[in-house]
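The values are calculated or read from the model by the stated rules, or taken from the named source; none is laboratory data. Computed from a predicted model, the values in this text were never measured in an experiment. Note that we place each Cβ from the backbone using ideal geometry, even for glycine, and neighbour counts take in every protein chain shown.
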Amino acid sequence: MLEIVTFQLGPVITNAYLVADNNTKEAVVIDPAWDGQIILAEAQKRGWAIRCLWVTHAHFDHMGGTKALVDGLIPAPGVALHPNDLPLWRAKGGAPFFGIRFDSITEPNLMLEHGQKLQLGDHPVEVRHAPGHTRGHVIFYFPEDRALFSGDVIFQGSVGRTDLPGGAWDTLLASIETQVLTLPDETKVFSGHGPATSVGRERRGNPFLG
């Protein structure tokens, strides 16, 4: 059984997700946004073992809790990112631009690619490259569970911003068209900010989509 715990963390209230197969007790953190110790404490309380950190993109508010999780776990979990976002990661996710200081960051050690197949316990997961918000943005789709973790590609009634370095409006819309709207309407969408939605709801009512 797939279980999802949602946290709203950090200076811009980013959604971080602790996702687990409750049968195997294996877990991942999708977008360890901030306050990694809070996420770790919840996993320990539930008896879940965090195996990996899956990062949709390298903006600071989606990876600010990485170091606390890596430092707090033995063995240390893998840190997965698309290579196109490595320069942004190494620039501390743009945090200095917003006056936010990181003492240090942990380098990703697992590179994601479009179409890659991952596994969480008994649950298959598909990596989809969906650039436009950043060059290396990916989304994580659990086909058997009809669940999509969309980062900052699409939100309830909105879409990701494209005015930061690496953003491109036409590219973002193309990513939504090919990587999100091709999924079944009943797919639940867990976004990087705000409440969950569904593919069908956004297909029918998102004002940014034609």
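What are the residues in the range 90-110 that are crowded, with 18+ Cβ neighbours inside 10 Å and at pLDDT 95 or above, if any?
Scanning the range 90-110 gives a single hit, PRO108.
Regarding GLY132, is this residue within 13 Å of the chain's Cα centre (by Cα), buried (at least 16 other Cβ atoms within 10 Å of the Cβ), assigned to a loop (DSSP other than H, G, I, E, B) and in contact (Cβ under 8 Å) with a residue 24 or more places away in the chain?
Here the answer is no, as GLY132 does not meet what is asked.
Among what's in the range 135-159 and is part of a loop (DSSP other than H, G, I, E, B) and not acidic (Asp, Glu), pick the residue that is surrounded by the most Cβ atoms within 10 Å (Cβ to Cβ).
Initially, the range 135-159 is screened for residues part of a loop (DSSP other than H, G, I, E, B), giving 135-137, 143-146, 152-153, 156-157.
Right, trim to not acidic (Asp, Glu) and you get 135-137, 143, 146, 153, 156-157.
Numbers: ARG135: 21, GLY136: 24, HIS137: 32, PRO143: 14, ARG146: 15, VAL153: 28, GLN156: 16, GLY157: 14.
Taking the candidates together, the pick is HIS137.
Can you tell me which residue is nearest to LEU148 (Cα to Cα) among those in the range 52-92 that are in a helix (DSSP H, G or I) and of a type in the set (Val, Ile, Thr)? Break it down stepwise before answering.
Let us first name the residues in the range 52-92 that are in a helix (DSSP H, G or I), namely 60-63, 66-72, 83-90, 92.
Now narrow it down to the ones that are of a type in the set (Val, Ile, Thr): 66, 70.
Working: THR66: 21, VAL70: 25 Å.
For the range 52-92, the residue satisfying everything is THR66.
Could you tell me which residue of the range 1-23 is modelled with the lowest pLDDT, considering only residues that are surrounded by fewer than 16 Cβ atoms within 10 Å (Cβ to Cβ) and either under 22 Å from PRO75 (Cβ atoms) or acidic (Asp, Glu) (or both)?
ASN22
Checking the structure you have, find out if any residue of the range 18-29 is assigned to a strand (DSSP E or B), touching a residue at least 60 places away in the same chain (Cβ under 8 Å), touching a strand residue (DSSP E or B) at 6+ places or on another chain (Cβ under 7 Å) and farther than 27 Å from GLY160 by Cβ.
Of the range 18-29, the ones assigned to a strand (DSSP E or B) are 18-21, 26-29.
Retained after the next criterion (residues that are touching a residue at least 60 places away in the same chain (Cβ under 8 Å)): 19-21, 26-28.
In the following step, the residues that additionally are touching a strand residue (DSSP E or B) at 6+ places or on another chain (Cβ under 7 Å) were identified as 19-21, 26-28.
Next, only the ones that are farther than 27 Å from GLY160 by Cβ stay: 21, 26.
Looking for residues that are assigned to a strand (DSSP E or B), touching a residue at least 60 places away in the same chain (Cβ under 8 Å), touching a strand residue (DSSP E or B) at 6+ places or on another chain (Cβ under 7 Å) and farther than 27 Å from GLY160 by Cβ, one finds at least one in the range 18-29, hence yes.
Take the residues in the range 160-182 that are touching a helix residue (DSSP H, G or I) at 6+ places or on another chain (Cβ under 8 Å) and crowded, with 21+ Cβ neighbours inside 10 Å; name whichever of them is nearest to THR14 (Cα to Cα).
Of all residues in the range 160-182, those touching a helix residue (DSSP H, G or I) at 6+ places or on another chain (Cβ under 8 Å) come to 160, 162, 164-166, 180-181.
With the extra rule that they be crowded, with 21+ Cβ neighbours inside 10 Å, the set shrinks to 160, 166, 180.
On the way: GLY160: 13, GLY166: 20, VAL180: 20 Å.
The extreme case among them is GLY160.
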